[in-house]
Structure formats: C-alpha cells, structure tokens
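The values are calculated or read from the model by the stated rules, or taken from the named source; none is laboratory data. What you are looking at is a predicted structure, and each value in this text was computed from that prediction instead of being measured. Cβ atoms come from the backbone with ideal geometry, glycine included; neighbour counts cover every protein chain shown.
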C-alpha cells in the first residue's frame, strides 16, 4: 500500500523520490492500516498542492481516527479554505459534510480581532468585573 501511495504521489506531483526517502516513508507509515493510509492519501490529494511529507499523512490519519462520534467539527492543517482559498489551518463543521474554512471565514473575525478577544479573555480571568461588549 505504501509503495502504491508513493507511486501515485510521484505521478501526480511530478516528483520522483529515491530509495532512501522511500525507506523513510515506509518506516514511518508501516504501522498504520491500509484503510487509514488510503483515506489519508485521498485527503492529501484533496487538500495539498504539493507532495505530502509523512507527517502530513500521519496528521490526517490521527485527525480522522482521533475524533469521537460526539465531535461536530474537525481542525486540520494544510487545507484550502473553500470560501476564500487561503491554505493553512482549516475547520470543517460538521465533520464530513461541511465545507473547509479558515479561521477568519469560519469565525468572521480578522486575526487582529481574534487576538483582541484572547486579550479580553486574559483580562477577564484577572478581573471578574471586566466584561467586554462581545461577551
């Protein structure tokens, strides 16, 4: 399975890897099931515009199988926001049916506003009487 994945990635991304790199992929990924590797490989093809590193494949395996049935959303790195096109950390809500969005599109907040809210939270922890207008 790992060899097939590497062959497909090499064909799709136009990059050939040598035997030492293949061995590193193999040793890193051999402990995962064929089903997990297949699903993670498809996710990489959907999400990435470059040849995935083993860590990116493993992140997808762990995020796919590390979620519980109670979770409504999932967060992954290296995904393309389906709203604005930004590539980075993305949120899918609900899992498997929602679209992938970056933090800004998902929350409607700019990075500056997100930082401001964290500052407000820290201030609220130290001052029980402080309540920002958004809280």
Inset, instruction - Read through the list (1) closer than 20 Å to residue 33 by Cα; (2) modelled with pLDDT under 85; (3) surrounded by fewer than 18 Cβ atoms within 10 Å (Cβ to Cβ), then give the number of the only condition that residue 53 fails. - result: (2)
Legend entry - Condition broken by residue 93, with the remaining ones in (1) at pLDDT below 85; (2) touching a helix residue (DSSP H, G or I) at 6+ places or on another chain (Cβ under 9 Å); (3) closer than 30 Å to residue 24 by Cβ satisfied: (3)
Inset, instruction - Look through 11, 68 and report the one residue that is loosely packed, with under 13 Cβ neighbours inside 10 Å, over 13 Å from the mean Cα position of the chain (by Cα) and at pLDDT 90 or above. - result: 11
Inset, instruction - Please go through region 99-108 and pick out each residue that is assigned to a helix (DSSP H, G or I) and touching a strand residue (DSSP E or B) at 6+ places or on another chain (Cβ under 8 Å). - result: 103, 106
Legend entry - Residue in region 109-120 that is surrounded by 12 or more Cβ atoms within 10 Å (Cβ to Cβ), in contact with a strand residue (DSSP E or B) (Cβ under 8 Å, 6 or more places away or on another chain) and either at pLDDT 80 or above or assigned to a helix (DSSP H, G or I) (or both) present: no
Inset, instruction - Taking residue 16 as the residue in question, decide whether it is within 30 Å of residue 132 (Cβ to Cβ) and more than 20 Å from the chain's Cα centre (by Cα). - result: no
Inset, instruction - Return the total of residues in region 19-56 being within 19 Å of the chain's Cα centre (by Cα) and closer than 28 Å to residue 99 by Cβ. - result: 23
Inset, instruction - Check region 64-76 and report whether any residue there is closer than 28 Å to residue 8 by Cβ, in a strand (DSSP E or B) and in contact (Cβ under 8 Å) with a residue 24 or more places away in the chain. - result: yes
